[in-house]
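The structure under discussion appears below in the form of structure tokens.
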Amino acid sequence: MRNNFAAAFHEAAGQDPRLCLLVADISPAGSIQAFREAYPDRFINTGVAEQVMIGMAAGMAMRGLRPFAYTIAPFALYRPFEMIRVDLAYQNLPVTVVGIGGGVTYSVLGGTHHAQEDVAIACAVPNMAVIAPCDPLETREATKWCAGQERGPVYLRLGKAGEPDLTSQTSEPFVFGKLRFLTKGSDVAVLSYGPILKMGAEIANRFRQEGTSVSLISAHTLKPFDTEGVADLLANCRRVVVIEEMVPHGGLADRVKVLAWERKATCRIDTFTLDDAFHHRYGTHAELLAVHGLELERIWQSLKQDS
């Protein structure tokens with residue numbers, strides 16, 4: 001994802017001289033090296049000074065530039081939170097805050113590097129849009145949209161590297177604020193966002209193998225929420241399954257259940273999220289997800305047991 005972000009941003013920067021990139025102690029030898037070499041006067045590394053990074057981005061936006069502020073997710077959002085709220089959101093400035101490694105992607109680095117609640121926090125900030133693409137191609141489309149938007153601040157939540165292709169076979173384009181159907185069915189809807197949509201795709205495949213008609217959907221825009229799109233699913237599907245690499249509160253699972261209550265939906269809703277807990281464990285990304293209960297076989301058995 002981060003390489004596709006870097007490539008898309010570099011490409012957009014060639015068309016728009018207002019685009020610039022600020023990082024906080026992220027190595028420029030990585031995927032953003034090409035941009036730095038091509039446009040050294042549009043690249044700033046503030047070091048371990050995330051508050052400065054956001055404050056500078058706000059000032060640059062007020063002078064007509066279109067900054068992206070880029071670092072590991074907890075340091076992009078939590079450490080400079082007051083600056084994001086006051087400098088960016090209160091002023092409604094078109095700055096994109098890019099959080100790399102959402103959820104527990106940085107599984108071997110411990111809780112300090114996990115962003116388990118970032119979507120809930122970002123969605124709570126007025127004026128802030130929140131986007132979490134599911135694969136490298138969708139990351140490219142989301143980055144292009146962020147590079148051209150003028151509506152206000154955006155939190156762009158990305159994975160890291162090695163995510164599989166999930167969207168190249170779909171005919172539906174990325175549209176900001178709208179659900180994206182990767183496959184369409186009529187009985188069950190599997191709804192997710194970010195790299196964990198891969199697990200949703202595997203669940204959808206198991207439903208299909210049993211003869212169930214199933215939709216697989218990328219809910220890439222968490223805010224603004226596609227209320228009517230989700231309401232259609234709740235009204236027309238027998239079962240809606242939400243898989244989310246985020247704590248249970250304030251994310252997609254919560255929004256779906258609240259909307260179901262408001263619209264008096266009668267379908268079954270199953271949600272699977274990270275635990276509301278800091279697990280003091282280390283391992284691969286898949287191992288950390290499993291500690292939180294986000295494991296393919298466990299989810300499938302839960303769905304079968306309760307069906």
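For the reader, a short list of remarks on this structure follows.
- Counted as qualifying within the range 3-76 are the strands (runs of 3 or more DSSP E) with 2 or more residues that are within 23 Å of the chain's Cα centre (by Cα), namely 19-23, 66-72.
- Candidate set: the range 293-307, residues that are part of a loop (DSSP other than H, G, I, E, B) and in contact with a strand residue (DSSP E or B) (Cβ under 9 Å, 6 or more places away or on another chain); chosen: the one surrounded by the fewest Cβ atoms within 10 Å (Cβ to Cβ): Asp306
- Residue within the range 257-273 that is touching a residue at least 40 places away in the same chain (Cβ under 8 Å) and either of a type in the set (A, V, I, L, M) or under 24 Å from Ser171 (Cβ atoms) (or both) present: no
- The residues in the range 109-123 that are over 20 Å from Glu287 (Cβ atoms) and open to solvent by 40 Å² or more (accessible area, probe 1.4 Å) can be counted, and the count is 2.
- Qualifying residue in the range 246-254 (condition: part of a loop (DSSP other than H, G, I, E, B) and either open to solvent by 50 Å² or more (accessible area, probe 1.4 Å) or in contact with a strand residue (DSSP E or B) (Cβ under 6 Å, 6 or more places away or on another chain) (or both)): yes
- In the range 204-230, residue surrounded by the most Cβ atoms within 10 Å (Cβ to Cβ) [restricted to those that are β-branched (Val, Ile, Thr) and under 18 Å from Lys257 (Cα atoms)]: Ile217
- Of all the residues in the range 75-93, those that are touching a helix residue (DSSP H, G or I) at 6+ places or on another chain (Cβ under 6 Å), surrounded by fewer than 24 Cβ atoms within 10 Å (Cβ to Cβ) and without any contact (Cβ under 8 Å) to a residue 60 or more places away in the chain number 4.
- When the criteria are applied in full, Arg206 meets the requirement of being in contact (Cβ under 8 Å) with a residue 24 or more places away in the chain and either among the β-branched types (Val, Ile, Thr) or within 26 Å of Ala286 (Cβ to Cβ) (or both).
- Number of the condition not met by Tyr70 [criteria: (1) of a type in the set (Phe, Trp, Tyr); (2) open to solvent by less than 20 Å² (accessible area, probe 1.4 Å); (3) more than 18 Å from His10 (Cβ to Cβ)]: (3)
- Residues of the range 181-203 that turn out to be open to solvent by 40 Å² or more (accessible area, probe 1.4 Å), of a type in the set (Gly, Ala, Ser) and touching a Pro at 6+ places or on another chain (Cβ under 9 Å), as a count: 0
- Residue in the range 262-281 that is open to solvent by 80 Å² or more (accessible area, probe 1.4 Å) and among the β-branched types (Val, Ile, Thr) present: yes
- Residues that are among the basic types (Lys, Arg) and either buried (at least 18 other Cβ atoms within 10 Å of the Cβ) or under 21 Å from Arg157 (Cβ atoms) (or both), drawn from the range 1-42: Arg2, Arg36, Arg42
- Look at the range 15-26: where a residue is more than 22 Å from Gln51 (Cα to Cα) and a partner is surrounded by fewer than 15 Cβ atoms within 10 Å (Cβ to Cβ) and not basic (Lys, Arg), sitting 6+ places away or on another chain with Cβ atoms under 8 Å, you get Asp16/Gly148.
The values are calculated or read from the model by the stated rules, or taken from the named source; none is laboratory data. The structure displayed is predicted, hence computed values, not measured ones. Cβ coordinates were reconstructed from backbone atoms using ideal geometry, including for glycine residues, and neighbour counts include every protein chain displayed. Calculation scope for accessible area: heavy atoms of the full protein, side chains included, ligands and nucleic acids excluded. Shrake-Rupley method; radii C 1.70, N 1.55, O 1.52, S 1.80 Å.
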